[in-house]
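Report on the following structure.
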């Protein structure tokens, strides 16, 4: 079945190519933001045992919040496994400056 | 694009963008990017008037489109917005009743409980008022350009879709079609 004309009655009343481009960019930005949030959510979906460790580190006051636990854990892991000594030293220096 | 983010956006649509999707038979692209499309109840009659009632019913059954009734306070707010649309220099219709469908869509998009992130709207004057009210916008062509970006559409395919819409009566000018197909080509490079 053919869908008949809609209510657009002139070229002047409709959006321009510039408007359409802005629409695309705005949509793309929204989906990119959703993608970033989805990635973070996936990263934060920790196994239950690990989540309990994170909560314990915060509850006992070792870390201020979950963000600090994850930040310090990543830094410690990087220092433990990185094969770049200069980079390792840099991470240690930055961490000391933050937490001491 | 990450599958988790597809179908993540909730929108309100005016009649035009949905009709364009029906006309060129690409409602699949709306379903790809949008989790839900709300429309004011008054639009249903308009779709029937354009022989698109059955197509709309299919999308309602699929759960993509949800019809919402406006309260009397919202209807009153829509009349005020329709008058604001008439006052825009780009408005081509002097009677505010002509702009009530767009105005009702704008009011629906402002209903916080629906968690709408943007409104699908193609009339320039209505878009101007929606922007003044802080709403984010898109149109059917913006959706097509996103599909170009994902390499789902070529410029030639986009041209066919837009010309099909035009044959059905949607006023997409030669200039607009040429320019957006060029944009589609740039995205494909």
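The values are calculated or read from the model by the stated rules, or taken from the named source; none is laboratory data. Just so we're clear, the structure is a prediction, and the values are computed from it rather than from any experiment. FYI the Cβ positions are ideal-geometry reconstructions off the backbone, even for glycines, and counts take in every protein chain you see.
Taking the range B:154-170 as the range and being closer than 15 Å to residue B:22 by Cα and either touching a helix residue (DSSP H, G or I) at 6+ places or on another chain (Cβ under 8 Å) or at the interface with chain A (Cβ under 10 Å from one of its Cβ atoms) (or both) as the test, the residues that pass are B:158, B:161, B:162, B:163, B:164, B:165, B:166, B:167, B:168, B:169, B:170.
Yes/no matrix, rows are residues, columns are (1) part of a helix (DSSP H, G or I); (2) under 16 Å from residue B:17 (Cα atoms):
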| site | (1), (2) |
| --- | --- |
| B:38 | no, yes |
| B:55 | yes, yes |
| B:70 | no, no |
| B:73 | yes, no |
| B:81 | yes, no |
| B:97 | yes, no |
| B:101 | yes, yes |
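The residues on offer are B:78, B:105, and the sole one that is surrounded by 18 or more Cβ atoms within 10 Å (Cβ to Cβ), at pLDDT 95 or above and touching a strand residue (DSSP E or B) at 6+ places or on another chain (Cβ under 7 Å) is B:105. Any idea which residue in the range B:123-136 is nearest to the other protein chains (Cβ to nearest Cβ), counting only those that are in contact with a strand residue (DSSP E or B) (Cβ under 6 Å, 6 or more places away or on another chain) and either farther than 21 Å from residue B:47 by Cα or touching a residue at least 24 places away in the same chain (Cβ under 8 Å) (or both)? Within the range B:123-136, the match that is nearest to the other protein chains (Cβ to nearest Cβ) is B:136. Within the option set B:107, B:66, being touching a helix residue (DSSP H, G or I) at 6+ places or on another chain (Cβ under 6 Å) and away from chain A (no Cβ under 13 Å) holds for one residue only, B:107. For residue B:46, the conditions (1) within 11 Å of another protein chain (Cβ to nearest Cβ); (2) within 19 Å of residue B:137 (Cα to Cα) all hold with the exception of (2).
When A:29, A:46, A:57 are checked against the criterion of being under 24 Å from the mean Cα position of the chain (by Cα) and assigned to a loop (DSSP other than H, G, I, E, B), a single residue qualifies: A:46.
The residues of the range B:32-43 that are at pLDDT 95 or above and touching a helix residue (DSSP H, G or I) at 6+ places or on another chain (Cβ under 8 Å), listed by number, are B:37, B:38, B:39, B:40.
In this structure, residue B:151 does not satisfy being surrounded by fewer than 18 Cβ atoms within 10 Å (Cβ to Cβ), more than 9 Å from every other protein chain (Cβ to nearest Cβ), under 17 Å from the mean Cα position of the chain (by Cα) and free of Cβ contacts under 8 Å to residues at least 40 places away in the same chain.
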